[in-house]
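Have a look at the structure below before the remarks.
Here, each number is a calculation from the coordinates, and none is a lab measurement. All values reported here derive from a predicted model rather than from experimental measurement. Heads up, the Cβs are rebuilt from the backbone with ideal geometry, glycines too, and the neighbour counts pull from every protein chain shown.
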């Protein structure tokens, strides 16, 4: 079953490292999968990692290296000679090897490439390094089994046998013509059940989905998602087969995208590295920008409030409910914007549905506003009776707060749902319409709504 | 390549339906993949869908049915007899068939099950319906190729050939013992390259990762993610092989989880259906609860403010900056909580790292607080000079606002980062520490901080 890294095991392992207990170390490492070993390495001291590293088989060592956190991998690599790094890269898939080599300093990159024993791997890596990492070309690996459409199934088996070491998992064989153009694919299952003398031309599947090297990572993820693909062939502008993308690479792309979205929705720029690895300078840079912007937007509330200074002077009691009113607008707006951002990201809605969304949100905002308005009125009634002295006109204050809540919640909900649609419409990322962004937009309006209702209900009485 | 549903094509297709242009319809449907057809069906009128449905081959029709949005599928199914539904289910994988049948009314379920021609499929479906949908058992399909460890590779090929119709994609063959216990797996690639007389016992891989039927969907997703698996065998408590989960099912699980997290972070309960399909009643229910709770929390600000009514009466100018101060606390808190919630969800941090996180957030909050405090002071200085009359003691008001901002931002950041850790520590979902939730918690404290600084700077002068 799966491995779970317990404290007991971790301590036992450190003890074994300290006492150089080879028997224990070797027996344990043999039981574990590369991701488990990487998980352990991520938590050990560099010296301990280096010590354990020597006990790993070549292939396992390469797999572990790929799975490690970037900073741990960097430390290990910087302690290896370029020849040792090259040996590791020879054991990796070309896409992983290219990713690892891209992290090295330029000078070391050249040295390592020159030391690679497998010249095909070297040329594959150089080729892959040319692609932008956020495109299909940057995601793909070069390892795949291709056969010419004129071959027979027995020749396919021979081809697989020859390349078995190169290509770890094989789900399908790609069928190409004289110009290396992708014609279709032959699922391994079909190969297995076909008579050995079958012609590829007769048994391959010409309905094949592929992407171009310059397709964006997001597009790749969407295509694999939609068609439930485990592997996706990549072709160049001429339709020639150049590589394949496997689903595990796309899972990472999706996760990064989601993280970026979530962070933007938290009113900040997306971090480039995991939270713990983000430097202090980066942290300030990514966070302060939006906070300053929101702060400047929010200073408008001070300006707005100065228009109502007179009203507050006459009825200080009005000031008490300001935070309550504007928070309610912000909260309802943040619900609406979150829902719309997520539904857009999932493709459940498009900008064109805006009228339907506005209608839905209008009624939702109205009902929720009425609920909060009623509670607000009751709160004031109860306090007027039992706690505070809101004066003889408490019910007018109650009306002011109650009606303001209806207005503010309705307005917040509408703004919250329209803002992401508006951003999307103009080619911007809807995820930036974060809860704080919406709240800031709604705050000034909330104040205006509140003081308008107070004039309506209290003019000539308190005002 | 991939299909894109353009307006032109959609209109052309509707025209073809209206004029019953069979040639066009058949030629187009043949070119499309089931997910494309489902995408089109989701947008057509029910009558049009029913018309097109008749032109689909049996297997394609079943695949399309699985890909449809739930409400469209429901409509189609309700227009079919139980015999017709049963025919569709016979062509589905057992997990999809179980999902579809689970959506039907109880009475129809029994009728359909009785009509299934494939009795193995019927028993598989009944079996799958017993599992909770959020467990490995609920996710798995029963279709898989299993061989006894004593067989030879040629017998494996025979087994695959027999079941080829049942199992759409085959990546590996599962090896079991006399008791049907899972011993390991034989990748299809290995089968292809091994001599035909090889014994399974000699070539299979005994290192295999599996999950129990009662493992949670989240656990399944984590395991497949960590070990980069495309398919994961499921065993019962006795270790007997009962099914397999493929990665596309897990992609859906992940997406649902992310959506739930995002919605909770937007200060609401997670919706059970896509945004557009959520009924008005559900919408209010999922959203009003949190808003009422936050509103009640926020009423504390009114209570807190009543303690400072005297100060506001003496210096109404203090009221002007209240929204600005409390919004800044909320915004910085929402950044911190978003970062921590996401890092927890990704496993980048655990509750144990709390000291490191607090340290990181303390310094970040302090620096950002100083930046905003300085801007706040400058804002007041500029307005005092050019715009408003803040009186001769404007610089003391500037100090009050500036220092309050440092305090409020620092406090907001610390609360925002600690709240999700706290929730997680006590077994609650950290994602509920939404921006509005954090803001509400911080608002009262923000007021206290603000009025404390105002007493410190302005006592004996304005107060």
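The calculated FRET efficiency for the pair residue A:114 and residue A:74, based on their C-beta separation and a Förster distance of 22 Å, comes to about 0.60.
Between copies, residue B:391 shows label-point distances of 2.1 nm, shortest first, with the point placed 7 angstrom from Cα along Cα to C-beta.
Rounding to the nearest 10 and keeping the result within 0 to 90°, find how far the Cα-based axis of helix B:217-226 lies from the longest principal axis of chain B. Between helix and principal axis, roughly 90 degrees.
Counting every C-alpha pair in segment A:252-304, the share spaced more than 12 angstrom apart comes to 69%. The Cα atoms of chain B cover 96, 62, 43 Å along the three principal axes, with the biggest extent listed first. Rg and Dmax of the protein assembly as shown, both derived from C-alpha coordinates alone, stand at 31.8, 101 Å.
For segment A:276-391, the alpha-carbon coordinates run over 53, 41, 31 Å along the three principal axes, in decreasing order. Full extension of the chain segment joining residue B:256 with residue B:31 gains 77.9 nm, where the gain is 0.36 nm per residue of separation less the Cα-Cα distance.
Length available on full extension from residue B:154 to residue B:279: 0.36 nm per residue minus the Cα-Cα distance, which gives 39.4 nm.
Look at the stretch A:4-16: the mean tally of other chain Cβ atoms within 10 Å of its residues' Cβ atoms is 0.
Between the helical axis of B:34-43 and the longest alpha-carbon principal axis of chain B there is an angle of about 60 degrees.
Rounded to two decimals, the Cα-based Rg/Rh of segment B:63-167, with Kirkwood Rh, is 1.04. Inter-copy label distances at residue A:218, shortest first and taken from points set 7 Å along Cα to Cβ: 2.8 nm. Modelled this way, with points 7 Å down the Cα-to-C-beta line, the labels at residue B:351 and residue B:43 are 4.8 nm from one another. What is the distance in Å between the Cα centres of segment B:123-157 and segment B:346-361? When both Cα centres are located, 41 Å separates them.
Rg and Dmax over the alpha-carbon atoms of segment A:115-203 stand at 14.7, 44 Å. Placing dummy labels 7 Å off each Cα toward the beta-carbon, the span from residue B:6 to residue B:303 is 6.3 nm. Note on segment A:146-255: Rg/Rh from Cα positions, Kirkwood definition for Rh, rounded to two decimals, is 0.98. Between helix A:106-115 and chain A there is an angle of about 30 degrees, using the helix long axis and the longest principal axis of the Cα atoms. Within 10 Å of the Cβ of each residue in B:104-116, the mean number of Cβ atoms contributed by other protein chains is 0.
Here, P(r) means the percent of Cα pairs in each 10 Å bin from 0 to the largest distance; for segment A:7-134 it is 12, 43, 29, 13, 3. Shielding value for B:182-188 is 2, the average number of Cβ atoms from other chains within 10 Å of each residue's Cβ.
Measuring nothing but alpha carbons in segment A:334-444 and taking Rh as the Kirkwood radius, the Rg to Rh ratio lands at 1.13. Taking each DSSP H run with n ≥ 4 as -39500 (n - 2.57) and averaging over every residue of the protein assembly as shown yields -21000 deg cm²/dmol at 222 nm. The length gained by stretching the chain between residue B:54 and residue B:362 to full extension, at 0.36 nm per residue less their Cα-Cα distance, is 104.4 nm. Pairwise Cα separations in segment A:201-300 fall into 5 Å bins from 0 onward with the following percentages, short to long: 2, 11, 16, 15, 12, 11, 10, 8, 7, 4, 3, 1, 1, 0, 0.
Placing a label point 7 Å from Cα along the Cα-to-Cβ direction at residue A:356 gives distances to the equivalent points in the other copies of 4.6 nm, listed shortest first.
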